[in-house]
Structure formats: C-alpha cells, structure tokens
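The block underneath contains the structure these notes are about, expressed in structure tokens.
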Amino acid sequence: MNSKFRNSILRLHDNLLNFAYTLTANRDDAHDLVQDTTLKAFSNEDKFVDDVNLKGWLMTIMRNIFINNYRKSSRTTTVSEQSDDSFLFDSLAANHSQDTPEGSVTLGDINASVASLPEIYRKPFAMFLAGYKYEEIADCLGVAVGTVKSRIFVARRRLQELLKDYK
C-alpha cells in the first residue's frame with residue numbers, strides 16, 4: 001500500500017466522519033461507515049487516479065456503501081418481520097378480486113395451497129413473488145442460484161397441480 005495514499009485518506013478522516021454522521025444520524029453507525037469506506041478505498045487503491053479529487057472519490061464510495069447497506073437492511077427487515085409469508089399473501093390478494101364469492105374462495109384456496117408447500121419451496125417462491133432476484137434469494141438462503149431456480153420451478157408446478165380446478 002502506498003503510504004502517501006494512506007496518509008491522504010487518514011487526513012480526511014474528520015471530513016468522512018462528518019459526512020457519515022449526516023447520512024446515518026448515529027455516531028456508532030457513522031464510525032462503522034467510515035471504517036467500511038476506508039477499507040474499500042484501501043482495497044481499491046489501484047482504481048484511484050492521482051489527479052482526481054480524493055475527497056470526492058471517498059464521499060462517493062461512502063454514499064454508495066450507505067445506500068447498499070440501507071437497501072440490504074430494508075430487504076432483510078421485510079423478510080424477517082414477515083416470516084409468516086404474509087407479504088406473499090398480500091401480493092396475491094392485490095392481484096385477485098374478492099368482490100365475488102368465487103373470488104374469495106379462490107384467494108383462500110391459493111393462500112392455503114401456498115401455505116401447504118414445504119418451507120424449502122415456499123420461502124424462495126415467496127421471496128421471488130415479493131420481487132427479489134434469484135441471486136438475492138440465493139444469498140439470503142445460502143444456496144446456489146440454480147437451486148433457487150429449481151425450487152421456484154417445483155413450487156410453481158405444485159401450485160399448478162393443487163389449483164388445476166381453477167383454470
């Protein structure tokens with residue numbers, strides 16, 4: 001690591017901390033964000049061009065880390081707070097009418113059919129319906145992307161079989 005580069009980053013520590021605090025509004029989170037930014041900058045030293053504004057480059061890295069962490073935490077919160085798959089049922093309800101008796105019976109049957117799936121298929125299927133990408137589901141569940149695709153495919157087939165009378 002270039003000592004000039006390292007010293008330049010360390011001189012900007014207070015500026016980074018102030019900017020991090022404006023993003024997070026929490027002292028501990030701001031310190032964590034500065035640490036993550038510094039680590040990312042050190043690991044990407046080769047991408048920095050000497051005649052470019054170092055402070056601007058670091059602030060951009062920090063803002064991107066903050067946005068990515070925010071998105072990640074909001075997705076994690078959604079999944080953990082709604083682990084009963086209620087977000088799946090809400091999305092199904094939005095797409096089906098309950099104005100008629102047939103509509104409410106159909107929605108009830110759909111919900112029951114989805115709930116009857118084994119968790120190994122229900123969870124990736126529910127996350128997919130909630131808008132997660134295959135890669136995100138794979139990361140969350142700790143399995144390969146191909147496994148996620150396969151499980152979603154199996155869940156769809158099982159639901160088609162369970163709900164064949166409603167076509």
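General observations
- Cross-link pairs beyond the 24 Å C-alpha cut-off, checked among Lys40/Lys149; Lys72/Lys149; Lys40/Lys123; Lys123/Lys164: Lys40/Lys149; Lys40/Lys123
- Segment 103-153 - accessible surface per residue (Å², probe 1.4 Å): 49
- Under Karplus coefficients 6.51, -1.76 and 1.60, residue-wise ³J(HN,Hα) of segment 53-64 in Hz, glycine/proline x: 5, 5, 4, x, 4, 5, 5, 5, 4, 4, 4, 5
- Note that segment 2-72 carries a Kirkwood radius of 12.2 Å, evaluated over its alpha carbons pair by pair.
The values are calculated or read from the model by the stated rules, or taken from the named source; none is laboratory data. As the structure is a computational prediction, the values presented were derived from the model and not from experiment. Keep in mind that these areas ignore ligands, DNA and RNA; they rest on the heavy atoms of the full protein, side chains included. Shrake-Rupley method; radii C 1.70, N 1.55, O 1.52, S 1.80 Å.
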